[in-house]
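**Student:** First the structure, then my questions, so here it is.
The values are calculated or read from the model by the stated rules, or taken from the named source; none is laboratory data. Just so we're clear, the structure is a prediction, and the values are computed from it rather than from any experiment. Backbone-built Cβ (ideal geometry, glycine too); neighbour counts: all protein chains shown. These area figures cover heavy atoms from the full protein model, side chains too; ligands, DNA and RNA do not enter into them. Shrake-Rupley method; radii C 1.70, N 1.55, O 1.52, S 1.80 Å.
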Amino acid sequence: MQVQRQLRVSFAGLAFVLAGNTVAFAFQTAPTTAPQTGQTTAQTPPPAQGQTPPQQPPPPTPPAEYKETIVVSASKTEQQLVDAPATMTIIGARELSVAPSGGYGDLLRNVPGLNITQISARDINVTSRGATGSLATSQLAVLDGRSIYQDFFGFVMWDFMPANLDEIKRIEVIRGPASAVWGANALNGVINVLTKSPREMAGSTFTIGVGALDREVNNDGAESGQIFYVRGSHAAAVNDRWAYKISAGSYFSDALARPTGAIPNGTGTQYPTYTNNGTLQPKLDARFDYDFADTTKKLQFAAGVGGTDGVMHTGIGPFDIDRGAKMGYWKVNYAKNALRVQAFMNFLNGNATNLVSVTPAAQPIALDFDTKTFDIELGDTRLVQNKHVLTYGGNLRFNHFDLTIAPDEHSRTEGGAYVQDEFMLSTMYRIVAGARVDKFSSIDNAVFSPRVALVIKPKPEQSVRVSYNRAFRAPSMVNNNLKTTIGTPLPLGAINPAFAPLGTYYVPTDAIGNKDLTQEHIDMFEVAYTATIRNRASISAAWYYSKFSEQIFFTNIIDGVPQIWGPTPPPPGWPLPPAVWGLVYQNGIIFPKTYSYDNLGTVKSKGLELGLDGLIRNNWTGFINYSFQADPIPEFPGLTEAQALAEINIPAKHLFNTGVTYTSPSWFGTLAVSHSDKAYWQDVLDSRYSGYTDPYTSVNMTVGAKFGGHYSAALKIGNLGNTKIQQHIFGDIVKRSIVGEFKVNLPK
């Protein structure tokens, strides 16, 4: 049945693309009409009778550009990368065109300082300059400026990114705090995915990929899984005013392998067994652009919807998202010169069932979610006295929530405004200073997020930056209002065989929110260097020190006191005499009584990032980068050092990435190596499920050919060495995947 549904979605996507291609060819072969005023036409004379029409040349390979790279994410206005007041990495067209995987986790893995975990076939988490986890809450992700951060839970569902890989122009990654212009939740950074306009991608594309993934662990003889995806787009300019693009696709992956046996933490706790599921992710997206006669003004409309299913990991265990869960949006953008006005609405709804955690009545915990977010934003940039680049703006957001596990709040309002001045003291020195103020209906006081940077440019292509940034994350609706009870099974026969007929008692643990939470915030000091070397390569270096304050943790230690069931009284519904419960406690079998969210204190950290990428020769480019992340130092009042360390995830101390890419009119390929040191995880269920993951090295490869002017075929291999990679202590096992991809590109 699952395969049939997969095929139906795939054939629907195929039919869409074929229809788009037919329309494209109809436009290409239709008789040319007289051009409108202001338009020009260029026609190729038809070939003489008996002659073969000339072949279209293959699409040009994106050039390796390192000079005057323009970015928009650092200050929400266009500026050169060397002038940006934050450390940034750009993933450009060349890297995207040969990526071994279309998954955002694999695309971002080569960025220095980014910590990536893939925990299931659909569950990817990303955090910059700090440990990520089962729900990464501190990294903001936006698509063309529209937030896809899920405010109700406080995380990003990357499978709901509606843009297909072929539509992306570049990805801009801010490594470090960015609330001074982006507001809440840009705590550790921002990932801004920028797509091509309809005119930039005029024509039709169709891509299909078929492959397999290895799922055998410890010679268990598990069958290989399947990977299948199809995507396509059609874009055209209707006239000199209107242009549009429509895209659709579907991605399917079987479940990854689950770890078995004892969790490697010395407690003897076994990995829980449950039916692990893959994911099916259909999507449909459309955009319409209107260019005014006044070329300084533009109007854009966009809307789309994406679906998903599969396993989502949380602090109370993995949830299986039912098929039919979807996220949709609409967006309107107006721009005149640097002035931008944007309004968008996101809606998300679906159902999920916990695969491990049950209620005290032994029923799986259910999660039904229905959320809506409406946001309006304005921003502008002005040049004042030829010395000040003044950027300012703000937004207002309204949220509506309906969640079964957090029933006590249904709406939330937030808003903020920012201003930033880039003061050019001279051609060599400039100061960037700015701040943002935000107010949430769920937080008593307004939140202030400043930034200041001194940028020194000894040469136009070099800069040294000394900066300070503060950013914050507001408590999510679940942080404030979680309300559910988890039952931990205790077989009574394990206490005494005589009690076996009474079956299993489920010890209740309340998981509740905390309405008194304040925002968590980070202060980061940074020294960074960015330069272009002879227009052939870029080099970067950054050292940072951060202090994470009032960090929100899901913990059973409240005000320094562990919330556990003591020897007396026994929990509600205990079927045996109270003295028997006391005996259980005296034998060291301890059960938590309450879990909640709490602002525990401060976590200090520091790190170093080094990177080099550039043109090696002719069609060859390469990159290499290294990141050092020192062990974080938590300081939690009322907790010992060991207790504090047990409450936090600890990131890999060393990250290393290197790769080489070849592109030519006929051939292309890439080989990339990523290495991650061991990391510590404690954010799923209780301490029995915490522990370290082993260091791992992954080698990914793409090799392909272009032919016929419009076609390409590629072989994409992830984890070439087929090593056993577990990126989270509770996560799935990632083994080798092999995909064959065929692409058709029909430019207009």
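**Student:** Tell me, what is the per residue accessible area of the chain in Å², probe radius 1.4 Å?
**Tutor:** Here the residues of the chain average 42 Å² of exposed surface.
**Student:** Under a plain spin-label model, where a point goes 7 Å from the Cα along Cα-to-Cβ, how far apart in nm are ASN722 and GLU200?
**Tutor:** 4.1
**Student:** To continue, here is another question. With contacts defined as alpha carbon pairs under 8 Å and 6 or more residues apart, what's the relative contact order of the range 68-113 in percent?
**Tutor:** 22 percent.
**Student:** Okay, moving on. Could the peptides 106-112, 301-307 be put in order, highest first, of the mean number of other beta-carbon atoms found within 10 Å of their residues?
**Tutor:** 106-112, 301-307
**Student:** Peptides 80-87, 645-652, 125-132: what's the order by average Cβ count within 10 Å, highest mean first?
**Tutor:** Ranked by mean Cβ neighbours within 10 Å, highest first: 125-132, 80-87, 645-652.
**Student:** Percent of accessible area on the range 652-748 owned by carbon and sulfur, 1.4 Å probe?
**Tutor:** Result for the range 652-748: 61 percent of the exposed heavy-atom area is carbon or sulfur.
**Student:** Determine, for each peptide in 555-564, 229-238, the mean count of other beta carbons within 10 angstrom over its residues, then list the peptides with the highest first.
**Tutor:** 229-238, 555-564
**Student:** What does the convex hull of the Cα atoms of the range 91-248 come to per residue, in Å³, rounded to a whole number?
**Tutor:** 140
**Student:** Shifting gears a bit: Multiplying the sequence separation of VAL72 and LEU612 by 0.36 nm and subtracting their Cα-Cα distance, what value in nm do you get?
**Tutor:** So the extension gain works out to 192.2 nm.
**Student:** Still on this structure: Using DSSP, restrict attention to beta bridges with both residues in the chain and report what percent are antiparallel, rounded to the nearest 5.
**Tutor:** In the chain, DSSP labels about 95 percent of beta bridges as antiparallel.
**Student:** Still on this model: Working from Cα positions, state the angle (0 to 90°, nearest 10) between the long axis of helix 2-29 and the longest principal axis of the chain.
**Tutor:** For 2-29 against the chain, the angle is about 20 degrees.
**Student:** With a point put 7 Å past each Cα toward its Cβ, work out how far SER411 is from ASN445 in nm, to one decimal.
**Tutor:** 2.8
**Student:** Given the Cα atoms of the range 347-386, and with Rh set as the inverse mean 1/r over their pairs in the Kirkwood sense, what is Rg to Rh to two decimals?
**Tutor:** A ratio of 1.54.
**Student:** Let me ask something additional. Sorted by accessible area with a 1.4 angstrom probe, largest first, how do ASP285, ASP322, ASP220 fall?
**Tutor:** If we order ASP285, ASP322, ASP220 from most to least accessible, we get ASP220, ASP322, ASP285.
**Student:** Which log10 I(q)/I(0) values does the range 600-677 give at q = 0.13, 0.26 Å⁻¹ under the Debye formula, counting every alpha carbon as one identical point scatterer?
**Tutor:** Once normalised to I(0) and log-transformed, intensities are -0.58, -1.12.
**Student:** In addition: Let me spell out the model: positive unit charges on the Cβ of Lys and Arg, negative unit charges on the Cβ of Asp and Glu, origin at the Cα centre of the chain. What dipole size does that give, in debye rounded to 20?
**Tutor:** So the magnitude is around 2000 debye.
**Student:** Suppose we keep just the alpha-carbon trace of the chain; what are its Rg and Dmax in angstrom?
**Tutor:** Calculated on Cα positions, Rg and Dmax stand at 27.0, 101 Å.
**Student:** For LYS387, give me every one of the lysines with a C-alpha distance below 23 angstrom, ignoring sequence neighbours fewer than eight places off in its own chain.
**Tutor:** LYS76, LYS336, LYS457, LYS459
**Student:** Okay, moving on. Roll a 1.4 angstrom probe over the protein heavy atoms and tell me the percent of accessible area of the range 500-651 that is carbon or sulfur.
**Tutor:** That fraction is 59 percent.
**Student:** Next question. Roughly what percent of Cα-Cα pairs across the range 269-346 reach past 14 Å?
**Tutor:** Summing the P(r) tail past 14 Å for the range 269-346 gives 72 percent.
**Student:** Straight-line reach from LYS283: which lysines have a Cα under 23 Å away, not including same-chain ones fewer than 8 places off?
**Tutor:** The reachable lysines, counting only those whose Cα sits under 23 Å from LYS283, are LYS169, LYS196, LYS245, LYS326, LYS331, LYS372, LYS716, LYS743.
**Student:** Also: Taking 0.36 nm per residue of sequence separation and subtracting the Cα-Cα distance, how much length would be gained by fully extending the chain between ALA293 and TYR692, in nm to one decimal?
**Tutor:** Taking 0.36 nm per residue and subtracting the Cα distance, the gain is 137.6 nm.
**Student:** May I ask for the equivalent-ellipsoid semi-axes of the range 403-531, computed as the square root of five times each C-alpha gyration tensor eigenvalue and listed largest first in whole Å?
**Tutor:** 53, 21, 9
**Student:** To make sure I understand the rule: partners must be aspartates and glutamates, Cα under 13 Å from the Cα of LYS593, and not fewer than 8 residues away in the same chain. Which ones qualify?
**Tutor:** ASP510, ASP686
**Student:** Tell me the carbon and sulfur percent of the accessible area for the range 450-490, rounded to whole percent, probe radius 1.4 Å.
**Tutor:** 63
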